[in-house]
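Inspection log for the structure reproduced underneath, given as structure tokens.
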Amino acid sequence: MLSNPPCSQVKKAQIFVDLHEKMYMLFSSCGYVLNSGVAGAISSRSLSNKESKLTLHLSPSLVIKNNHDPCLVRLDDVNFHECVDSSNLDSNRSLVVSAPVGECILMNYRVAGDCHEPFRLYPCISRSDYTLHQAVTLKSLYTQQVVASTVQMSFKVPKGVASVHNVFSGSIDHRVEYDPVSGLVTWHLSNFQGRSECCMTSTMSLSSPKTGKTSPIRLSFEIPMFNISNLKVVKARGEPDIFIKYRTTSESYCCRT
């Protein structure tokens with residue numbers, strides 16, 4: 001006859017709540033921000049075998065309107081999955097969720113403009129008849145306690161480049177790739193700590209003095225346990241064990257040259 005296992009051997013259900021923000025930002029060649037925004041989502045991944053009830057308490061300073069007070073967490077547009085009861089959002093900033101088994105996007109939101117950039121690019125370009133020199137300083141503006149797990153910076157060299165010589169200055173783990181077929185130079189950086197910087201220099205030998213300029217510089221990155229909007233789940237209640245994580249990635253992060 002089979003008996004139920006002791007309570008200590010029964011694995012408690014788990015739910016993982018993920019706040020993922022994708023950032024887009026466009027800089028001028030002088031470093032001014034021309035356009036910026038965030039597309040974010042709160043999603044759940046339930047390892048339970050049935051629907052789970054949980055309550056998520058969001059940042060008390062959350063406002064969903066066009067308010068530019070820097071002390072507030074501002075979202076410009078929000079929509080919810082049908083499993084989310086948002087009737088208490090205005091009064092106490094809470095969401096009551098009937099989380100289904102598996103994965104579900106509970107909430108989508110958007111922030112337009114006035115976003116704090118996690119990285120800033122400073123390109124410096126000079127040229128002579130047969131040499132094009134591009135130096136790019138990359139600075140991380142988030143706090144020292146935050147570390148970007150991966151960062152990639154890339155650009156295309158002009159047509160007619162005979163060779164490229166790349167030099168790195170900084171203490172960050174790195175490697176560089178150059179594909180002569182596509183003309184793409186890609187710097188791969190890892191464990192990029194906040195409040196740090198590095199400089200990536202590419203010296204290009206030109207086959208003709210009329211060779212054009214380089215393309216815009218593009219940055220891609222992933223920063224765990226960090227988000228741009230400062231939206232937080234300050235408290236989570238429910239029967240399952242609830243685990244919260246944050247991450248920010250680049251959707252389109254570009255600097256003109």
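The values are calculated or read from the model by the stated rules, or taken from the named source; none is laboratory data. Computed from a predicted structure; not experimentally measured. Note: ideal-geometry Cβ built from the backbone for every residue, glycine included; neighbour counts use all protein chains shown.
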>> Checking residue 145 against (1) loosely packed, with under 15 Cβ neighbours inside 10 Å; (2) under 19 Å from residue 121 (Cβ atoms), only one condition comes out false. Which one?
In response: (2)
> Does residue 85 satisfy being more than 23 Å from the chain's Cα centre (by Cα) and free of Cβ contacts under 8 Å to residues at least 40 places away in the same chain?
Replying inline: yes
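Kindly establish whether residue 105 is in contact (Cβ under 8 Å) with a residue 60 or more places away in the chain, in contact with a strand residue (DSSP E or B) (Cβ under 7 Å, 6 or more places away or on another chain) and within 23 Å of residue 225 (Cβ to Cβ).
Here the answer is yes, as residue 105 does meet what is asked.
Among the listed residues 215, 208, 182, 171, identify the single one that is touching a Lys or Arg at 6+ places or on another chain (Cβ under 6 Å) and in a loop (DSSP other than H, G, I, E, B). Show your work before the answer.
Details: 208 fails: touching a Lys or Arg at 6+ places or on another chain (Cβ under 6 Å); 182 fails: touching a Lys or Arg at 6+ places or on another chain (Cβ under 6 Å); 171 fails: touching a Lys or Arg at 6+ places or on another chain (Cβ under 6 Å).
Of the residues listed, the single one that is touching a Lys or Arg at 6+ places or on another chain (Cβ under 6 Å) and in a loop (DSSP other than H, G, I, E, B) is 215.
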>> Exactly one condition in (1) in contact (Cβ under 8 Å) with a residue 60 or more places away in the chain; (2) crowded, with 16+ Cβ neighbours inside 10 Å is false for residue 235; which is it?
In response: (2)
> Looking at segment 195-209, which of its residues are closer than 16 Å to residue 152 by Cα and either exposed (fewer than 14 other Cβ atoms within 10 Å of the Cβ) or of a type outside the set (Val, Ile, Thr) (or both)?
Replying inline: 196, 197, 198, 199, 200, 202
> Hey, any hits in segment 122-129 for a residue that's modelled with pLDDT of 90 or more, loosely packed, with under 12 Cβ neighbours inside 10 Å and either outside any loop (DSSP other than H, G, I, E, B) or touching an Asp or Glu at 6+ places or on another chain (Cβ under 9 Å) (or both)?
Replying inline: yes
> Taking the condition at pLDDT 95 or above and either of a type outside the set (Ser, Thr, Tyr) or crowded, with 16+ Cβ neighbours inside 10 Å (or both), does residue 256 pass?
Replying inline: no
